[in-house]
Structures are given as C-alpha cells and as structure tokens.
1. Hey, what does the equivalent ellipsoid look like for the range 31-98, semi-axes from the Cα gyration tensor as sqrt of 5 times each eigenvalue, largest first, whole Å?
2. Can you compute the modelled spin-label distance between residue 148 and residue 185, with each label point 7 Å from Cα toward Cβ, in nm?
3. With 5 Å bins from zero, work out the P(r) of the chain over every alpha carbon pair and list the percent per bin.
4. By how many degrees, 0 to 90 and rounded to 10, does the Cα axis of helix 198-225 deviate from the longest principal axis of the chain?
5. Taking the highest mean first, how do the peptides 92-99, 114-121, 35-42 order by number of other beta carbon atoms within 10 angstrom per residue?
6. Kindly express, to the nearest 10 degrees and within the range 0 to 90, the angle between helix 28-43's C-alpha long axis and the longest C-alpha principal axis of the chain.
7. Can you show me the helix-derived [θ] at 222 nm for the chain, built from DSSP H runs with n ≥ 4 at -39,500 (n - 2.57) apiece and divided by the number of residues, rounded to the nearest 500.
8. What ranking of 139, 224 emerges when the number of other C-beta atoms within 10 Å of each C-beta is taken as an exposure proxy, fewest first?
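Every number here is computed from the coordinates shown, using simple stated rules; none is lab data. Source: prediction; values computed, not measured. Note: ideal-geometry Cβ built from the backbone for every residue, glycine included; neighbour counts use all protein chains shown.
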Ligand SMILES: *[C@@H]1O[C@H](CO)[C@@H](O)[C@H](O)[C@H]1NC(C)=O
C-alpha cells in the first residue's frame, strides 16, 4: 500500500498541471497563456481527476428536434479541439464572469446519424454514417462563474452556465451516407443544397447540435477547476 502511494506521489508532479505563471486578473495576455496551457493539459484527459479526453470528445447518444427536423447521433466523435486557440480573455474583477474567444481551424465530427423531417425547406430522411467538417470557426463564450471556499480555505471557481455566440467563417462540409436509403440523386441533391446553404444551416443547427458537447466540456473543465485554487493562479 505504501509503495503504491509513494509511486503515485512520485508520478503526480509529472502528471499534474504546472501553472506557467501567475496572472493579474486584468492581464489578458497572461490569462491567455494560462488558459491555453490548461486546455492543453485537459484536452488529452486526466484520468486521476476523472477528466475524460476532450479531443476527440465522444458523445454516445444525442437525440433532438430542431425546427421540423428530428435527429439522432450515435457515437458522435468530435475531433480537433486541441488545435483551437483561446484568446481575447476578459475576466471581471469579482470573478463572476469570464469572456473569451475560441478560434478553431478544423473541427471534424463523425458517427452514426438518423435524420427525419425537413432540412430548412427540403425533406430529408436517412440513417447511416456521417461526417461533418468545419473550417475556421470562432466561438465567443460568456461564462458565469461561482466562487466557493474549499476545505483548505482557498477559493475555487466553477462554471455555472454558459452562452456561446457561434461564428463559422468557412463553409461546412456534410457527408451523410445512405440518405433516402441510398438513392443517389436525392442524396446528392440534399448535399448540394446543404453545401449551398451551409451558413443558414449553421445558424439553425449549430447551437442545439453543439451545446451538449460544450456542456460535457465544461463539466470536465469544472473537475479541473476544483483542483486549481484561485490564490495560486491570480495575483493582485
Ligand atoms: C457505439 O460505440 C460503442 C463502444 O465502442 C459500441 O459498443 C456500439 O456498438 C456503438 N454503437 C453503434 C450504433 O455503432
């Protein structure tokens, strides 16, 4: 038993997050370095903190309806988060709100889908494998934070809720196999329509389809924040 603990104790400095430097809360550049270092640490998962890998992030099941489209995704894999960059950070003085921008270059999602209903104005129906690829994509976050005191007397932050402004800068590419039971002409008509109208589709779909992914991500980020005392990171 002691040996196991000693081993873990020996390993943990290598595995744990090392704060690059302490920041003043109004020092956006410093916070940017800190946030990107933390994201890098979290993205590959931290099993000993119960943090699952975020790149790729796997969402086992997602079912929803948006406008008049019913959708279901199984084993949806979202890859590319670790190539995104966090910037334009604004942390308010009382630590109740955090705003920042995430700048992504290529997010790729794959999995199994079921679609039934209307895609904007045209009927769509199918079940099979899908791939969705995004190019340059900006996400603007507005997070409400909660402060709590730990048993060590230090302050910890938790993300209470989030709002996201989605801003896709480059066309999205959709590949849904086996639409209309594999009828090629109908399928290519839908794909052409989707590619011509990617921006309108993004406006309608991105929030309901992506928000469950961000919920998962922030849940994992909160596990990390529970281990990071504010006093160790921020200076006056
Ligand atoms: C989803 O992934 C799990 C785990 O890899 C697998 O057991 C399951 O069969 C997959 N489901 C589908 C519909 O592919």
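1. Semi-axes from the Cα gyration tensor: 28, 19, 12 Å.
2. Computed distance between label sites residue 148 and residue 185 equals 6.0 nm.
3. Using 5 Å bins, I get a P(r) of 1, 6, 12, 16, 17, 13, 10, 8, 7, 5, 3, 2, 0, 0 for the chain.
4. Result, in degrees: 30.
5. Peptide ranking by packing, descending: 35-42, 114-121, 92-99.
6. With both axes taken from Cα atoms, the answer is about 70 degrees.
7. Mean residue ellipticity at 222 nm (helix-derived): -10500 deg cm²/dmol.
8. If I rank by nearby Cβ atoms, fewest first, I get 224, 139.
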